[in-house]
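The structure appears right after this line, and notes come after that.
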Amino acid sequence: MTWRASVLTIFPELFPGPLAASLAGKALAAGIWSCEAIDIRKFAADKHRTVDDTPAGGGPGMVLKADVLARAIDAAAPAGDPRPRILLTPRGRPLTQSRVRALAEGPGVVVVCGRFEGVDQRIVEARSLEEISIGDYVLSGGEVAAYVLLDACARLLPGVMGEDASKAEESFEAGLLEYPQYTKPQVFEGRAIPDVLLSGDHGKVAAWRRAEAERATRERRPDLARRKGPERE
Ligand code: ADE
């Protein structure tokens, strides 16, 4: 069955965009998943197609209107649609590989791309939206975050990646950064591939990679290194 993504946005022309290329794009063309863009503006009630208004309480920017979003969400995902509904916003819980895996195992997603200074918070409660952030920085809208979320899910769908590729992220999923990789030529601008990788000793190679992964994790991501066991993300 096709994994279905419905993306609600005021820029529907941005989809599938970069998701039409590479691994995700091949899977899209093969019908392993689908990506439907829904123009929020079509659900505006007035002739100016207004989707936003000034924030209650004052302040800068504009807020996406709950009534317009409700109509768009109800059209994209009528009652009984089993797909989780996600709002992409820097206010959300951080996206993790385990959440991506769970989403990829389900029927698909309905993704609302936030814009402007935010969305009317009442839509989050009224339509049970799960607020997700892709990182501690502010994008100009949720569209680029939607690319990130959908790419991460698409590559995990059955038949998209080979066994080898999925093996390559096991250490990441176990809470370690990847070990460094090398390929030919053996010497590049005076820098040689580490001898151990050319030794043919699989045990030594594995031990070296493990040590390098642990070192990178300690140096770059002490937050990950502090965690132990299967709860690592
Ligand atoms: N919209 C703006 N910034 C975002 C972020 N960091 N994550 C998800 N959606 C966003």
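Return the residues of segment 125-142 that are more than 11 Å from the ligand (Cβ to nearest atom) and either part of a strand (DSSP E or B) or of a type in the set (Ser, Thr, Tyr) (or both); say none if nothing qualifies.
The first filter runs over segment 125-142 and keeps only residues more than 11 Å from the ligand (Cβ to nearest atom), leaving 125-130.
Listed by number, the residues that qualify are Ser128, Glu130.
Using the structure shown, decide if Glu169 is at pLDDT below 95 and within 15 Å of the ligand (Cβ to nearest atom).
On the way: at pLDDT below 95: yes; within 15 Å of the ligand (Cβ to nearest atom): no.
No.
Scan segment 122-144 and report the pairs whose first residue is under 20 Å from Arg99 (Cα atoms) and among the hydrophobic types (A, V, I, L, M, F, W, C) and whose second residue is away from the ligand (no atom under 12 Å from the Cβ) and outside any strand (DSSP E or B), with Cβ atoms within less than 7 Å and a gap of 6+ or a chain change.
Qualifying pairs under 7 Å: Leu129/Ile123.
Could you list, in sequence order, all residues of segment 148-165 that are acidic (Asp, Glu) and either under 15 Å from Pro16 (Cα atoms) or assigned to a loop (DSSP other than H, G, I, E, B) (or both)?
Step one: of segment 148-165, the residues acidic (Asp, Glu) are 151, 163-164.
Across segment 148-165, the qualifying residue is only Asp151.
Inspect all residues belonging to segment 111-124 and state whether any of them is within 16 Å of the ligand (Cβ to nearest atom), modelled with pLDDT of 95 or more, assigned to a loop (DSSP other than H, G, I, E, B) and in the same structural domain as Glu13 (by TED's automatic domain parsing). I'd like the intermediate steps shown before the answer.
Initially, segment 111-124 is screened for residues within 16 Å of the ligand (Cβ to nearest atom), giving 111-121, 123-124.
Narrowing further to those that are modelled with pLDDT of 95 or more: 111-113, 119-121, 123-124.
The next check asks that each one be assigned to a loop (DSSP other than H, G, I, E, B); those that pass are 120.
When the remaining residues are screened for being in the same structural domain as Glu13 (by TED's automatic domain parsing), the result is 120.
Looking for residues that are within 16 Å of the ligand (Cβ to nearest atom), modelled with pLDDT of 95 or more, assigned to a loop (DSSP other than H, G, I, E, B) and in the same structural domain as Glu13 (by TED's automatic domain parsing), one finds at least one in segment 111-124, hence yes.
Here are the criteria: (1) modelled with pLDDT of 95 or more; (2) part of a loop (DSSP other than H, G, I, E, B); (3) within 16 Å of the ligand (Cβ to nearest atom). Tell me which single one Gly92 does not satisfy.
(2)
Can you tell me which residues in segment 84-109 are over 23 Å from Glu173 (Cβ atoms) and touching a Leu at 6+ places or on another chain (Cβ under 7 Å)? So that I can check it myself, show each step before the final result.
From segment 84-109, those over 23 Å from Glu173 (Cβ atoms) are 85, 87, 89-91; that's our starting set.
Listed by number, the residues that qualify are Arg85, Leu87.
When the residues of segment 28-62 are filtered to those that are touching a residue at least 12 places away in the same chain (Cβ under 8 Å) and hydroxyl-bearing (Ser, Thr, Tyr), which remaining residue is farthest from Ser6 (Cα to Cα)? Working first, answer last.
Step one: list which residues in segment 28-62 are touching a residue at least 12 places away in the same chain (Cβ under 8 Å), which gives 28, 30-45, 50-53, 55, 59-62.
Filter once more, so that each one left must be hydroxyl-bearing (Ser, Thr, Tyr): 34, 50.
Numbers: Ser34: 8, Thr50: 22 Å.
My answer is Thr50.
State all residues of segment 148-162 that are modelled with pLDDT of 95 or more and either over 21 Å from Arg4 (Cβ atoms) or within 13 Å of the ligand (Cβ to nearest atom) (or both); if no residue qualifies, say none.
Val148, Leu149, Leu150, Ala152 - these are the residues of segment 148-162 that are modelled with pLDDT of 95 or more and either over 21 Å from Arg4 (Cβ atoms) or within 13 Å of the ligand (Cβ to nearest atom) (or both).
Yes/no matrix, rows are residues, columns are (1) surrounded by 13 or more Cβ atoms within 10 Å (Cβ to Cβ); (2) within 24 Å of the chain's Cα centre (by Cα); (3) hydrophobic (A, V, I, L, M, F, W, C):
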site	(1), (2), (3)
Ile10	yes, yes, yes
Gly17	yes, yes, no
Ile38	yes, yes, yes
Phe43	yes, no, yes
Lys47	no, no, no
Thr50	yes, no, no
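Taking the options Ala145, Ala102, name whichever one is part of a helix (DSSP H, G or I), under 23 Å from Pro16 (Cβ atoms) and within 11 Å of the ligand (Cβ to nearest atom).
Answer to the check: Ala145.
The values are calculated or read from the model by the stated rules, or taken from the named source; none is laboratory data. Note that the structure is predicted; figures quoted are calculated from it, not measured. Positions of Cβ are backbone-derived with ideal geometry, glycine not excepted, and every protein chain shown enters the neighbour counts.
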